[in-house]
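Asks: Structure in structure tokens, see below.
Every read-out reported here was derived from the displayed coordinates using simple, explicitly stated rules and does not represent laboratory data. Remember, predicted model here, so these are calculated numbers, not experimental data.
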Amino acid sequence: FHFLLPFILAAMSAIHLLFLHQTGSNNPLGLNSDSDKIPFHIFYSMKDIIGFIILLSALILFCLLCPNILIDPDNFLPADPMVTPSHIKP
């Protein structure tokens, strides 16, 4: 399932762009839809930029202060040149 999920999301995004963002969409009652629209404000851009900066700085701090947390602990076995590793033994 985890392999198919990106393709499912891409297909759903394509369907969304194809069908929901068409000009001349169906409006059988002729209602004015301008009242439902939220006007764009610089607040939303600044909020997104600040959130991106906070998440990026948290990731950078995590990677700089605790770099070994995300690594497989099997990579840190003490080396012994006189012993053949188990994956090479016949």
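Asks: In nm, what is the difference between 0.36 nm times the number of residues separating C66 and I53 and their Cα-Cα distance? Intermediate values should be presented prior to the final figure.
Replies: On the way: separation 13, 0.36 × 13 = 4.68 nm, distance 1.94 nm.
Length gained between C66 and I53: 2.7 nm.
Asks: Next question, about the same structure. Quick check: residue separation of M82 and A11 times 0.36 nm, minus the Cα distance between them. What number comes out in nm?
Replies: Working: separation 71, 0.36 × 71 = 25.56 nm, distance 5.45 nm.
Length gained, M82 through A11: 20.1 nm.
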